[in-house]
Amino acid sequence: MATGKIYTHLRSLKSQQKSGFAVLADPDKIAPADMQYLARLCNDAGVDYLMMGGSLLMAHQMELCIQRFKTESDIPVILFPGSSAQVTPFADALLYLSLISGRNPELLIGQHVMSAPQVKASGLEVISTGYIIIDGGVQTSVSYMSNTMPIPADKPDIALSTAWAGEMQGKHVIYLDAGSGARKPVSPEMIRKVSSHIDIPLIVGGGILSPEKVYENCKAGANLIVVGNAIERDPLLIRDMAQAARAAESSLQ
Ligand code: 1GP
């Protein structure tokens, strides 16, 4: 059983049928100079986590972004890496993603072997993640870059079977992702089906645009909601989205 601080929190959300909220910042899209403003918004909204990661990493400013964020906030930073080049000890934790909806051996185990010495030495809390891509109605960066086919959006049984396989392999969390900028986010039906049949925390992201959608997904059983694009466009959404995640949790008690 993993015992890190962040995983313990995610497990407690699961066992209490609660939900948290994470803001995803893409280091290629945000400037280090904007990180302190983002940190203050996250503090005021009671955001649970900042996630950092992207498909490319051309700007090479991720570490600086994390450092700037941390000058203003104690909110833990979780890496959501597009590749092993995005592993840095400046963060607090790492979603150690295995793309179990795909059949690309590099993303199931290859990159993990290559980066294992670096990850071991990093001191990061490692959260083993069964990463499942769901068709979001448009080709997203993640499905193109990973060269894998997403699970059809109307096949919750395949999503559940994949999540079960991940859980039985010992993954710590399952992440259902419609992909950044998805036209259709993961459906509440699929979230409910997967969440109600697994004992590990469920993270959900991709194409979530409104606080109402956050609320609906939390009610369906998501334990952590991740939003990137919508917040890039309108950072003031952070407050209402974080509030929606909290409201859904309290009405479940
Ligand atoms: C995290 O990839 C998503 O799972 C983020 O998606 O940028 O569409 O919110 P958005």
Filter the stretch 206-224 down to the residues that are out of contact with any Pro (no Cβ under 8 Å at 6 or more places or on another chain) and within 17 Å of Ile133 (Cβ to Cβ) and list them by number. Ala222
If you scan the stretch 153-168, which residues turn out to be touching a residue at least 60 places away in the same chain (Cβ under 8 Å) and either in contact with a helix residue (DSSP H, G or I) (Cβ under 6 Å, 6 or more places away or on another chain) or surrounded by fewer than 18 Cβ atoms within 10 Å (Cβ to Cβ) (or both)? Ala165
Quick one: in the stretch 199-224, which of the residues that are among the hydrophobic types (A, V, I, L, M, F, W, C) and part of a loop (DSSP other than H, G, I, E, B) is surrounded by the fewest Cβ atoms within 10 Å (Cβ to Cβ)? Leu209
Quick test for you: out of Leu56, Leu50, pick the one residue that is out of contact with any strand residue (DSSP E or B) (no Cβ under 9 Å at 6 or more places or on another chain), within 14 Å of the ligand (Cβ to nearest atom) and under 15 Å from Ile30 (Cβ atoms). Leu56
Would you check which residues across the stretch 181-198 are farther than 17 Å from Ser15 by Cβ, more than 10 Å from the ligand (Cβ to nearest atom) and buried (at least 16 other Cβ atoms within 10 Å of the Cβ) and list them? Ser187, Pro188, Met190, Ile191, Arg192, Lys193
Considering only residues that are within 16 Å of the ligand (Cβ to nearest atom) and without any contact (Cβ under 8 Å) to a residue 12 or more places away in the chain, look in the stretch 114-152 and name the one that is surrounded by the most Cβ atoms within 10 Å (Cβ to Cβ). Gln139
May I ask you to say which residue of Ile191, Ile134 is of a type in the set (A, V, I, L, M) and farther than 23 Å from Ile109 by Cβ? Ile191
Expected single match for out of contact with any Cys (no Cβ under 7 Å at 6 or more places or on another chain) and closer than 18 Å to Ile203 by Cβ among Ala45, Ala31, Ala22, Ala121 is Ala22
Only one of (1) surrounded by 14 or more Cβ atoms within 10 Å (Cβ to Cβ); (2) within 16 Å of the ligand (Cβ to nearest atom) does not apply to Gln111, and that is (2)
Taking the stretch 225-239 and keeping residues more than 8 Å from the ligand (Cβ to nearest atom), of a type in the set (D, E, K, R) and outside any loop (DSSP other than H, G, I, E, B) leaves Arg233, Arg239
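Every read-out reported here was derived from the displayed coordinates using simple, explicitly stated rules and does not represent laboratory data. Quantities reported herein were computed from a predicted structural model and do not represent experimental measurements. For neighbour counting, all protein chains shown are included, and Cβ atoms are generated from backbone atoms with ideal geometry for every residue, glycine included.
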